[in-house]
Amino acid sequence: MFDLTGKNALVTGASGGIGGAIAKSLHEAGATVGLSGTRVEPLEALASELGDRAHVLPCNLSDAEAVTALPKSAADSMGSVDILVNNAGITRDNIFLRMSDEEWASVLEVNLTSTMRLCKGVIRGMMKSRWGRIVNISSVVGATGNPGQANYAASKAGMVGMSKSIAYEVASRGITVNCVAPGFITTAMTDKLNDDQKSGILGQIPAGRMGEADEIAAAVLYLSSAEAGYVTGTTLHVNGGMAML
Amino acid sequence: MSDVADRVRKIVVEHLGVEEDKVVEGASFIDDLGADSLDTVELVMAFEEEFGIEIPDDAAETIQSFGDAVKFISEAA
């Protein structure tokens, strides 16, 4: 449906469930993809599964220098970065009263600060070509809060405010900046939940099931497309009705 | 010097869509030539490309007028 032929997309956290699905979906639509992540092996595996038009670009997002270098190495290997998907994220859950400065800082650094650095690194090129798509993967938790996740929720809410501000600044250059906010998605992380936890979660979801990574990827694909050129500064909630925002 | 000025003027005229005779020594990009703050970033990017130089952010902020740009580039190139 959406054609991304000739577009180059950089996806962070591509070794994870959601990031992998996003990369596959953009690739299937014709884009060349730069797969970034900390663990090289799953990135290599995904690249060989995709075949042509896939580049492996390992990067540790808690290393500021490596993050600053990533947009350039992506542009060097693909020719440009037309689409940036900031999907990588970490959690360090703890109740707020016990949350250490380190737990707070590491989550903000990886989830929010690295997103800022990557956005900064790709926007000049996008301005030049008068076309760009930035999709930041937030979370339902950024809008609703969640006990034990003050750091994570702050980082994901921060992403929304930052995206809107950048969206204002670059809209006149054909660049859109949007967020996708997943609810509970079936991934390696949620597989670890026990049956009691799962049924507790499902009770809060009108759709009565968890979401699939493909359903997040579809939202990202839409926001990356030419057709979504008039959509900017918004957050697309993909959560089975869990929070109707 | 005049060569630099001509090349800078050409970029400014093309980018901001202004008349060539408006681009004078003291012409401020924002106040006189109708640029917005993003235009000034793009002008600096265009100067970097045209002259093969790097203009760091703190220096870029001092380039407010046509004259500033010509002076900076003449010294840097």
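The values are calculated or read from the model by the stated rules, or taken from the named source; none is laboratory data. Predicted model only: the values in this text are computed from it and were never measured. Here the Cβ positions follow ideal geometry from the backbone for every residue, glycine too, while neighbour counts run over all protein chains shown. Note: areas computed on protein heavy atoms with side chains; ligands, DNA, RNA excluded. Shrake-Rupley method; radii C 1.70, N 1.55, O 1.52, S 1.80 Å.
For region A:1-27, what are the residues that are of a type in the set (D, E, K, R) and either within 19 Å of A:S77 (Cα to Cα) or under 12 Å from the mean Cα position of the chain (by Cα) (or both)? Outline the logic, then answer.
In the first step, residues of region A:1-27 are kept if they are of a type in the set (D, E, K, R); the result is A:3, A:7, A:24.
Passing the criteria: A:K7, A:K24.
Conditions tested, residue by residue: (1) more than 21 Å from A:G125 (Cβ to Cβ); (2) surrounded by 11 or more Cβ atoms within 10 Å (Cβ to Cβ); (3) within 11 Å of the chain's Cα centre (by Cα); (4) among the β-branched types (V, I, T).
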{"position": "B:A5", "(1), (2), (3), (4)": "yes, yes, yes, no"}
{"position": "B:K10", "(1), (2), (3), (4)": "yes, yes, yes, no"}
{"position": "B:D21", "(1), (2), (3), (4)": "yes, no, no, no"}
{"position": "B:T40", "(1), (2), (3), (4)": "no, yes, yes, yes"}
{"position": "B:E54", "(1), (2), (3), (4)": "no, no, no, no"}
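For region B:61-72, how many residues meet the condition of being surrounded by fewer than 19 Cβ atoms within 10 Å (Cβ to Cβ) and either part of a loop (DSSP other than H, G, I, E, B) or within 12 Å of chain A (Cβ to nearest Cβ) (or both)?
Within region B:61-72, the subset surrounded by fewer than 19 Cβ atoms within 10 Å (Cβ to Cβ) is B:61-62, B:64, B:67-68, B:71.
Right, trim to either part of a loop (DSSP other than H, G, I, E, B) or within 12 Å of chain A (Cβ to nearest Cβ) (or both) and you get B:61-62, B:64.
Count: 3.
Here the condition is being touching a strand residue (DSSP E or B) at 6+ places or on another chain (Cβ under 9 Å) and closer than 25 Å to A:E28 by Cβ; of A:A188, A:A167, A:A243, A:A219, it holds for A:A219 alone. The number of residues in region A:123-158 that are in a helix (DSSP H, G or I) and within 14 Å of another protein chain (Cβ to nearest Cβ) comes to 7. Only one of the listed residues (A:L61, A:L43, A:L70) is in a loop (DSSP other than H, G, I, E, B) and under 20 Å from A:G89 (Cα atoms). That residue is A:L61.
Taking the criterion of being in a loop (DSSP other than H, G, I, E, B) and either open to solvent by less than 40 Å² (accessible area, probe 1.4 Å) or under 19 Å from A:G229 (Cα atoms) (or both), the residues of region A:4-40 that qualify are A:L4, A:T5, A:G6, A:K7, A:T12, A:G13, A:A14, A:S15, A:G16, A:A29, A:G30, A:A31.
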